[in-house]
Amino acid sequence: MGSYKKIFMALTLTSLIGTAAHADERYRPVQDEVVKKECGSCHMAFQPQMLPKRSWQKIMDGLENHFGEDASLDEATLQHVRAYLTDNAADSGWFGGKMMRGVRDNETPMRITELPYWVREHKKEVPVWAWSDPKVKSKTNCQACHRDAERGYYDDD
Ligand code: HEC
Ligand code: HEC
């Protein structure tokens, strides 16, 4: 079972090399300080390009019960974060998005990690048992494998 280790070594090495080579293939990192702070304290602040507007709306409408946690915000902060996320969403035109492949118009995904594209990309490359490795813990812990996830780099090949 050396393949898990190999993945990590490859990711570590290539995140240095890959950075320059794929500079224009990255997801735009979150630039808003309020969003970084309010949405980046429990997990990484996910790039808004990874979900459509309707998903961010629904997430922002349900912060008091956010995946079992209370992530509620005061009204002004809520409005600010909502605007940033929807302005930069997958269907806002900036990125278009591989992430939207296979998502139907009448679906409102609540998780990046359940999008068909995300699932496919990870099924190919990540052995199932790797998800429960203590270093990973959760699929949402992007940085465990993508060292530069916060800066929007995931293409570590
Ligand atoms: C109090 C902690 C907390 C805060 C603050 C928080 N979240 Fe979360 N979030 C969670 C937890 C817990 C999960 C589920 C994690 C898991 O399944 O591993 C989650 C999951 C998510 C997911 C789904 C991830 C996936 O693809 O599976 C999204 C999207 C998300 N949060 C967006 C946000 C946004 C936007 C904000 C800011 C408004 C935010 N979160 C603030 C705790 C928080
Ligand atoms: C257990 C390790 C692991 C975790 C955790 C993980 N990934 Fe990945 N991811 C991989 C591997 C391995 C690949 C395939 C190799 C590659 O393309 O870099 C990949 C591929 C990807 C790709 C496709 C890159 C490309 O080639 O265009 C994206 C986008 C991506 N991951 C996003 C995420 C996001 C967002 C999260 C967190 C919500 C996440 N990943 C969590 C290991 C992981």
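All of the numbers you see were taken from the coordinates with simple rules; none came from a lab. Source: prediction; values computed, not measured. Positions of Cβ are backbone-derived with ideal geometry, glycine not excepted, and every protein chain shown enters the neighbour counts.
If each residue of separation counts as 0.36 nm, what is the full-extension length gain between Glu75 and Asp61 once their alpha-carbon separation is subtracted?
3.9 nm is the gain from fully extending Glu75 to Asp61.
Loop only by DSSP, 15 or fewer other Cβ within 10 Å of the Cβ. Give me the GluC sites (Glu not before Pro) in region 41-140 that pass, ordered by residue number.
Glu107
Among the listed pairs Lys53/Lys98; Lys37/Lys123; Lys37/Lys98; Lys58/Lys124, give every one whose C-alpha distance is greater than 23 Å.
Violating the 23 Å Cα-Cα cut-off are Lys37/Lys123; Lys37/Lys98; Lys58/Lys124.
For the residue pair Met44 and Glu114, what label-to-label distance in nm results when each label sits 7 Å from Cα along the Cα-to-beta-carbon direction?
Once both label points are built, they end up 2.1 nm from each other.
Identify the residues of region 43-63 with backbone N under 16 Å of a label point that sits 7 angstrom from the Cα of Asn106 along the Cα-to-Cβ direction, or state none.
The answer is none, because no backbone nitrogen lies closer than 16 Å to the label point.
Post the alpha-carbon centroid distance, region 98-155 to region 63-80, in whole angstrom.
One Cα centre to the other: 23 Å.
Given contacts defined as C-alpha pairs under 8 Å and at least six residues apart, what's the relative contact order of region 76-118, whole-number percent?
Normalised by residue count, the contact order of region 76-118 is 28 percent.
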